[in-house]
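Participant: Okay, here's the structure, questions in a sec.
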Amino acid sequence: MEKEKIEILLASILMGEPSLEEKKQFGEWYNASDENRALYQFYKRVWNIAPNKGEYHQFNASKALNGFMVRVNHKEKSRHHWRYAISWAVGVVATLLVVFGLNWLTQDEKQVFGVPQLMTVEVPRGDKAWINLPDGTKVMLNAESSLKYYSDFGREHRKIYLSGEAMFDVTHQDNPFLVDINNKATVKVLGTQFNITAYPDEEVIETTLKKGKVHFQVKEHSQLVKMKPGECVKYSPKDNTISVSNVDINQYCGWVDNWLIIRDESLKRICKRLSRRFDVDFIINPEIANQLYHFDAAFKDESLEEVLDALTISGGLKYKLSRKEVIIDKK
Amino acid sequence: MKKSDSELLQLYSKGNVLAFNELFTRYYQVLCVYACRLGIEKGVAEDVVQDVFMVIWEKREKIQIVSSLKSYLFNSVRNKVYNISNRDKVKSDVLHQVQYNHETGKYFDQVESNEFSAILFQCIDDLPPRCREVFQLSRLENERQMTIAEKLGISINTVKGQMGKALSFIRTCLDDKYKIAY
């Protein structure tokens, strides 16, 4: 057999789905000589040693780039004060780049450094992103969410605009940190950790406090809620009502560490969360969509199929998954 | 449009930070895995790779890389890892341990194996684009031949053909580089 053909044959064997004919050919070739066997062993070794997915994925380049920029900031801050101002802007640009990809390369960078510009960070479905704000505040932005702020953030003010879900770890400063939620409510803080869920397609805005102090204020209310750690404020803009309850923090903040915790929610809401996390669309039989399911489940790093299996088995449902669409129905 | 390494490097030397970010994201994972293969821990590997990028970052205006950026990066990581291993005696003992290979049922020298896998790694990265795509989808992502064919819009026979080419390329590449390394 000629060299090229042998390599194609070996490729097929290594890829693991040889045809019957190929198996037969390989058997004959393999048994023909020691040289052939040695060649196969060589390729098998190459195949086994070649890096696999897990090895790659234990390293997160965008997270590392953020960390790298923080290091650069510290280094340059200690050297020249004025360069610090530039380098944090660079850090911001770095974050934006991670989110938007290379489209920015073509844009004039002067835009970023001139008069206050509205900076937008958007995260698509199926993804999430760390954002380092210039004041040291860290924000983890969840799927299908956006965060906006003016480029003079940190100098004149600390105000940001959120739509969707985010977890905040706010650096303590006397200058208060303000989150404008869908232009309907504000959260005012000094330094703390909290989570906000405010997807425009959901009826309720939720703020959960993990640590510190937070003031929650609705635009149309004079009422100000002074929150304590472990509390969740639920505000419904539709009925203009506020309720405060003690909750399991992990259920609201766990997504940052890839937890997906589901407790007594309607099927519709569960599916909405899954569609954001896994970037799929759901079609639910309307008869069951609004029913409250008493699921009590915690998933970490699980695949969509694993989550769907668990939910449908315990809920007496069935599902069909095709490409980016999941159909859920009664059994 | 994907920009080449040298285009990005040139943009960066003129002050375009976004070009630097792109290079960082392009090579970070590969270099970290490469460093690990040379026998250091995950956390140390990340530090080493970031240090290498820090040199590039700081040399902004003065940057002059004669060979390709890729081989500069791989070599720098390799040198740094060896410096760490020499400095740290305990580490170097670990580096020299003899390991049992379940695949072949034989013992082999860890150093030899690290060296081999590290060079293999560069060879995979050097594969012609199409070959590399097929190799990575199959080996890295464990995709089936059918799926690879669909994803790349080629026939299953072409998938096999590209994989065959990849194998032969890797073999020649290992022959070349392995000789240089010893």
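The values are calculated or read from the model by the stated rules, or taken from the named source; none is laboratory data. What you are looking at is a predicted structure, and each value in this text was computed from that prediction instead of being measured. We place every Cβ from the backbone using ideal geometry, glycine too, and count neighbours over all the protein chains shown. Protein only, heavy atoms only, side chains kept; ligands, DNA and RNA dropped before computing areas. Shrake-Rupley method; radii C 1.70, N 1.55, O 1.52, S 1.80 Å.
Participant: Under 19 Å from the Cα of residue B:42, which aspartates and glutamates turn up, not counting those fewer than eight places away in the same chain?
Facilitator: A:55, B:51, B:88, B:93, B:115
Participant: Which order do A:137, A:186 take by accessible area at a 1.4 Å probe, largest first?
Facilitator: Putting A:137, A:186 in descending order of accessible area: A:186, A:137.
Participant: Using a 1.4 Å probe, what is the accessible area per residue for region A:155-301, in Å²?
Facilitator: Ligands and nucleic acids excluded, the figure is 49 Å² per residue.
Participant: Evaluate Rg over Rh across region A:117-257, taking Cα atoms for both radii and Kirkwood's formula for Rh.
Facilitator: Taking Rg over the Kirkwood Rh, I get 0.93.
Participant: Continuing with this model, one more query. Of A:138/B:80; A:188/A:234; A:138/A:188, which ones are farther than 22 Å apart at the Cα?
Facilitator: In this structure, A:138/B:80 lie more than 22 Å apart at Cα.
Participant: Same structure again: Order B:152, A:267, most accessible first, counting only protein heavy atoms with a 1.4 angstrom probe.
Facilitator: Largest accessible area first, the list is B:152, A:267.
Participant: Further question on the same structure: With every protein chain in place, what's the accessible area of residue A:120 (1.4 Å probe, Å², nearest 10)?
Facilitator: About 40 Å², rounded to the nearest 10.
Participant: Hey, if we sort A:256, A:70 by accessible area with the 1.4 Å probe, largest down, what's the order?
Facilitator: A:70, A:256
Participant: Next question, about the same structure. If ligands, DNA and RNA are left out, what is the accessible area of residue B:117 with a 1.4 Å probe, given in Å² to the nearest 10?
Facilitator: Surface accessible to solvent at residue B:117 totals approximately 10 Å².
Participant: Follow-up question, since we're still on this one. Given the peptides A:213-222, A:27-36, arrange them by the average over their residues of other C-beta atoms within 10 Å, most packed first.
Facilitator: Averaged packing, sorted descending, gives the order A:213-222, A:27-36.
Participant: How large is ³J(HN,Hα) for each residue in region B:138-148, as worked out from phi by the Karplus curve 6.51 cos²θ - 1.76 cosθ + 1.60 (θ = phi - 60°), to whole Hz, x for Gly and Pro?
Facilitator: Listing the rounded values in order: 6, 7, 6, 9, 6, 6, 7, 4, 4, 5, 4 Hz.
Participant: To continue, here is another question. Hey, with R₀ at 51 Å, roughly what FRET efficiency would residue B:142 and residue A:156 work out to, going by the Cβ-Cβ distance, to 0.05?
Facilitator: 0.50
Participant: Now, a different point. Calculate the mean, over all residues of peptide A:52-65, of how many other protein chain Cβ atoms lie within 10 angstrom of the residue's Cβ.
Facilitator: Per-residue shielding by partner chains comes out at 6.
Participant: With a 1.4 Å probe on protein heavy atoms only, work out how much accessible surface A and B bury together, total over both chains, in Å² to the nearest 100.
Facilitator: Interface area, both chains combined: 5000 Å², rounded to the nearest 100.
Participant: Convert each backbone phi in region A:256-270 into a coupling constant with the Karplus relation 6.51 cos²θ - 1.76 cosθ + 1.60 (shift: θ = phi - 60°), then list the ³J(HN,Hα) values in order as whole Hz, x for Gly and Pro.
Facilitator: Rounded to whole hertz, the list is 4, 9, 6, 7, 10, 10, 10, 9, 6, 10, 6, 4, 4, 5, 4.
Participant: I would also like to ask the following. Per 0.36 nm of contour for each residue apart, how much would the distance between residue A:264 and residue A:324 grow if the chain were fully extended, relative to their Cα-Cα spacing?
Facilitator: Using 0.36 nm per residue and subtracting the Cα-Cα distance, I get 19.0 nm.
Participant: Would you mind checking which residues have amide H under 5 Å from residue A:158's amide H? H placed 1.01 Å from N; only 5 or more apart, or other chain.
Facilitator: Excluding prolines and chain starts, which carry no amide H, the hits are A:178.
Participant: Give me a comma-separated list of calculated 3J(HN,Hα) values for region A:240-253, in order, Karplus coefficients 6.51, -1.76, 1.60 applied at θ = phi - 60°, integers in Hz, x for any Gly or Pro.
Facilitator: 6, 10, 10, 9, 10, 9, 8, 9, 7, 3, 4, 4, 9, 9
Participant: Compute the relative contact order of chain A as a whole-number percentage, counting only Cα pairs closer than 8 Å that sit 6 or more residues apart in sequence.
Facilitator: Relative contact order here is 8 percent.
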